[in-house]
Amino acid sequence: MNIKKGLLFTAICVMLALPALADEAKKGGHTKADITYQTAPIYKVLDSKDFYVVLYGKYGAKIGTVTIPKKWASWQKDTPRKLSVRQLPSKMGAFMTIVKKDNEFHKVILTVPLDHTNRIWGVINDTRVDKSEKDSIELELR
């Protein structure tokens, strides 16, 4: 008989505690992500001494251009890398991802074949590249 009373007491305690736990879960539940991203297909990456010039796809079969400094790929004290170049998985098209944190530019990721003999890669003369210093890039998708 004591075992039955003990189980009944435990069951009642659990049932009384569940609503309090559910309210606590709602308070600390899911929050809105501070990180957003934009992705665009890459048609060509032109390599120069200090920059990558990326030709990317926009809506309506248009082409956009963005210049990315290569120095963004190196880590500097108190400054995280702003550029990552990663290997393209097989059977996928090359693409570029702009990552924003709190609605401000955080980093750009180029997902391309790392073999520079691939037809997506090209070469551009450094004198033809817009060398203006910038801290961020924006994709114009329209």
Using a simple spin-label model with points 7 Å from Cα along the Cα→Cβ vector, what separation in nm is obtained for PHE105 and ASP126?
-> 2.1 nm
Accessible heavy-atom area order of TYR59, TYR52, TYR37, highest first, probe of 1.4 Å = TYR37, TYR59, TYR52
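Cβ neighbours within 10 Å, averaged per peptide: list 106-114, 118-126 in order, most packed at the top. Walk me through the numbers before you get to the answer.
Values: 106-114: 18.0, 118-126: 12.1.
Put in order of decreasing packing, that is 106-114, 118-126.
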Quote to one decimal, in nm, the extra length available between LYS58 and ILE3 on full extension: 0.36 nm per residue of separation minus the C-alpha distance between them.
-> 12.7 nm
Percentage relative contact order, region 53-108, counting C-alpha pairs under 8 Å, at least six apart = 23 percent
Region 30-78: C-alpha gyration tensor shape, a/c 1.5 cut-off, then a/b vs b/c = oblate
Would you mind checking the pairs LYS77/LYS100; LYS71/LYS100; LYS49/LYS77; LYS58/LYS100 and listing those with alpha carbons more than 27 angstrom apart?
-> none
Modelled label-to-label distance, THR117 and LYS77, 7 Å Cα→beta-carbon offset: nm?
-> 4.2 nm
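The values are calculated or read from the model by the stated rules, or taken from the named source; none is laboratory data. Fair warning: this is a prediction, and the values are worked out from it, not measured in the lab. Cβ sites come from the backbone with ideal geometry, for glycine too, and all protein chains shown count toward neighbours. Areas reflect the complete protein model, heavy atoms only, side chains present, ligands, DNA and RNA absent. Shrake-Rupley method; radii C 1.70, N 1.55, O 1.52, S 1.80 Å.
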